[in-house]
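Below: the structure, in structure tokens.
The values are calculated or read from the model by the stated rules, or taken from the named source; none is laboratory data. Since the model is a prediction, treat every value here as computed from it, not as a measurement. Cβ sites come from the backbone with ideal geometry, for glycine too, and all protein chains shown count toward neighbours.
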Amino acid sequence: MLSDSQIKKALYLHVGVIVAFVVGRLWGGDLFHNSWSFIHWQHQPVWYSILWLGLLVALTPVLAMYLDRIARLLTTRLAIVIAAAVLLLLLILFQFDSIVYGGGNLRVAQISQAPKIILRWFEYGIVMLVSWVYYAFSFFDWHDVAATSGNIAGTYAWKTFAFICSLASLVGSIKLARELTGDSARRFLMFVILFFGPQSLLYFGFVGVEPVVVAITIWFSLLVVRLNREFSTNRLLALWLVVMAGGFLHFWLFYLIPATVFVALRQTFRQGYKRAHLPLAAGLLTYVVLLVLVYLRGLHDLEFSGHLLFLSGKSPFGDYALFSARHIGDILQVFFLAFPALVVVKYLFFGKLRTLPTDDNIVTAGLMVLAGNTVLVILNPVHGIILDLPRLVAYLTPLAFLLALLTRDVKTDNPNGRRLLAFLAATSLLVPLSYLPVYLKINHADTYAAEYFDKHEFYYRDGCLAFRDAYFYKHVASGRDDELPLDLEQIKYGDFDSADPTKSDLEKANAWEWKLPTKAPDYLNFRGADDLISAGRLQEALELLNHMKAQNPYRSDVRTLLSSLLIRMERFDMARIAIDSALMLDPYRKENLRNDYICYRDTRDYYRAIKAANRAAEYFPGDDLITSDIMIIHHRSGNRQAAESMARSLLEADSSLPYPYLILGFTAEARGSDELAIMRYEKFVSLAPEYAETPQIRKRLNDLVLKRMEK
């Protein structure tokens, strides 16, 4: 147990940190340039911040004075059921009003806007489960506009998954608090510390894979405590099963492996006190090996490396590296914003260093914190730190577990001990609530994000698209999709403030889209390169795209356009390099897959072209363009019978497709049926007047007409 002086020091330390937390919010962005975590109160209602301060002042003495009564009231079975139901209802009612955070709009598109949902290796299990929910929801006709119903189903699929994870976290936290102590008062405080805290942002229907990190971590902690209390082979196997299942769901859950190695070996050597250091050393060694393997994988997987930070910054964020000043500043702000109790945790943890070998739970939690914080540090906030904060705080969950364990040494019969426990519980509950409106209401997020993007404008592109999609989905989900024009070109864009409360959600979506050409520094360059290609100024477009590629090597759409340009310029060796790089960054993008087989086709490597085209057809089944491309490859390779058969099949399904007429025209001409060839060429020209092949077909058509007239 901690002495009274230690408890008092920890209490004063935490009070000082929370005072600094409040003062920082009052001063806001005047502290320093990159002060994104201190400006939330400037973008949410004043009354809310005042109410929050009042709760902070009132809740701590109430918990300290009436802890036993509150605990007795809330720890009965009926009270737990009622409280859990009310809590879950609140989580559903106060869910994310937007999907701007953590690339939520891209997650919805990943599920609802692809003919075949792609399961990437580092998030395989989660996307698979969410896709099943999506397919179930897609049977419902959510609204009148069919084109948007898939997005609504996709959004609800992700939110359903998040709520299931929140429920699992709730149940796991209740069970873990019971496992840690038999005292009802202490159990209640431990539950508050465990369930609420840094990971609270993920309980409100977060659209992303990270809610599962919180749920798995809490249940893993429960199994650890049970196993350390009483060893059994079944419990050890269950622990490994949870870790492997977690890794299958989401790669980063393998951060629990070092703690698992320690627990497994510690139980093996549990009879010897001196041998307790060997399991700890094995756990630390496992941590180092995993870290090395992650970076080795990142060096050989361009798509995966985009999620990692390295010793040097990646263009265009050359000043954002693993140990750069801005990244360190961001990480410190994440800790201070999401878990200001970190200072108390460090004080209590290092105060137990002498007795650590005898407390297996503390050591296990310490390894979990080490690995989780490492994941937080090495992950690249690809959408900007303010948008990716909910993704990152998931890996702070072990800190809540460690804090709950450390509070067991605080005496509840000591007045200072009760104050410390009450204050820790109150701040665990209230600190996330201090900035929650900015993450739950898109109108508050709008102005908050815009202020950050004005300082870090390279993030404007992702931000504009995220807010545009979020406002549009919100508009459709509200049931006002009948206001949508039948022709999206009829939408009138204006120069207006996207956060103006008098504007509709659809107008706000348009406002963010029209910020792209004026705010995103690379948007005009990209559109300019596309316009140069359309105008036939290929060399100028090539120079511009090469400059953009060097500026931002992880932007896949630049490499995609560059690949198409190099194929058109018949620089196939350079095109091959560009295509391979684009496929590494975005292996399931249709344009990249098409460029892959088109390059093989134009270099007359028909075997590889057919193989690559068939792979694209597997990812995009029923796609008319890819099917037409396969037909053309067969024709060029000399397999004209297969090409003719595919052409007839395509026309049976859709008589408006132009390329089948072209292939059938070639076939008719080869057989000497000039009349039939002329009819089919004329049909192709009428359906595809702007296609690249059309001028040549017109010439061929004229030659056939002249030939017929000569006869």
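The helices (runs of 4 or more DSSP H) located wholly in region 657-711 that include 2 or more residues which are of a type in the set (Phe, Trp, Tyr) occupy 658-670, 674-687. Say whether the condition of being farther than 19 Å from Pro198 by Cα and either of a type in the set (Ser, Thr, Tyr) or touching a residue at least 60 places away in the same chain (Cβ under 8 Å) (or both) is met by at least one residue in region 22-30. Yes, region 22-30 contains at least one residue that is farther than 19 Å from Pro198 by Cα and either of a type in the set (Ser, Thr, Tyr) or touching a residue at least 60 places away in the same chain (Cβ under 8 Å) (or both). Hey, could you check region 64-100 for residues that are of a type in the set (Val, Ile, Thr) and within 30 Å of Phe467 (Cβ to Cβ) and say which is modelled with the lowest pLDDT? My answer is Ile92. How many of the residues in region 63-95 are assigned to a helix (DSSP H, G or I) and free of Cβ contacts under 8 Å to residues at least 40 places away in the same chain? Final tally of qualifying residues: 15. Residues in region 600-637 that are acidic (Asp, Glu), assigned to a loop (DSSP other than H, G, I, E, B) and modelled with pLDDT of 90 or more: Asp605 only.
Against the list (1) more than 21 Å from the chain's Cα centre (by Cα); (2) crowded, with 24+ Cβ neighbours inside 10 Å, the condition Ile386 fails is (1). Within region 92-122, track down each residue that is crowded, with 20+ Cβ neighbours inside 10 Å and not β-branched (Val, Ile, Thr). Once the filter is applied, which keeps residues that are crowded, with 20+ Cβ neighbours inside 10 Å and not β-branched (Val, Ile, Thr), region 92-122 yields Phe96, Ser98, Tyr101, Gly102, Gly103, Gly104, Asn105, Arg107, Gln110, Ser112. Give the residue that is modelled with the highest pLDDT, with candidates limited to residues of region 510-537 that are of a type in the set (D, E, K, R), closer than 12 Å to Tyr460 by Cβ and not in a helix (DSSP H, G or I). Only one residue fits best here, namely Lys515. Checking the condition crowded, with 18+ Cβ neighbours inside 10 Å and outside any helix (DSSP H, G or I), which residue from Tyr597, Tyr588 passes? The conditions single out Tyr588. Scanning region 149-179 for residues that are touching a Lys or Arg at 6+ places or on another chain (Cβ under 7 Å) and surrounded by fewer than 24 Cβ atoms within 10 Å (Cβ to Cβ), we see that the one that is nearest to Leu420 (Cα to Cα) is Ala177.
In the set (1) hydrophobic (A, V, I, L, M, F, W, C); (2) buried (at least 21 other Cβ atoms within 10 Å of the Cβ); (3) without any contact (Cβ under 8 Å) to a residue 24 or more places away in the chain, Ala617 fails one condition alone, (2).
What number of residues in region 232-262 are surrounded by fewer than 16 Cβ atoms within 10 Å (Cβ to Cβ) and among the charged types (D, E, K, R)? Of the residues in region 232-262, 0 are surrounded by fewer than 16 Cβ atoms within 10 Å (Cβ to Cβ) and among the charged types (D, E, K, R). Of all residues in region 460-471, those that are touching an Asp or Glu at 6+ places or on another chain (Cβ under 7 Å), farther than 24 Å from Pro316 by Cα and surrounded by fewer than 24 Cβ atoms within 10 Å (Cβ to Cβ) total 0.
Suppose we filter Leu311, Leu322, Leu293, Leu332 for residues that are of a type outside the set (Val, Ile, Thr), free of Cβ contacts under 8 Å to residues at least 40 places away in the same chain and assigned to a loop (DSSP other than H, G, I, E, B); which single one remains? Sole residue among the options that is of a type outside the set (Val, Ile, Thr), free of Cβ contacts under 8 Å to residues at least 40 places away in the same chain and assigned to a loop (DSSP other than H, G, I, E, B): Leu311. Looking only at residues of region 192-247 that are in a helix (DSSP H, G or I) and among the charged types (D, E, K, R), we find that the one that is nearest to Leu399 (Cα to Cα) is Arg226. Looking at region 141-148, is at least one residue buried (at least 16 other Cβ atoms within 10 Å of the Cβ) and either polar (S, T, N, Q) or modelled with pLDDT of 90 or more (or both)? Yes, region 141-148 contains at least one residue that is buried (at least 16 other Cβ atoms within 10 Å of the Cβ) and either polar (S, T, N, Q) or modelled with pLDDT of 90 or more (or both).
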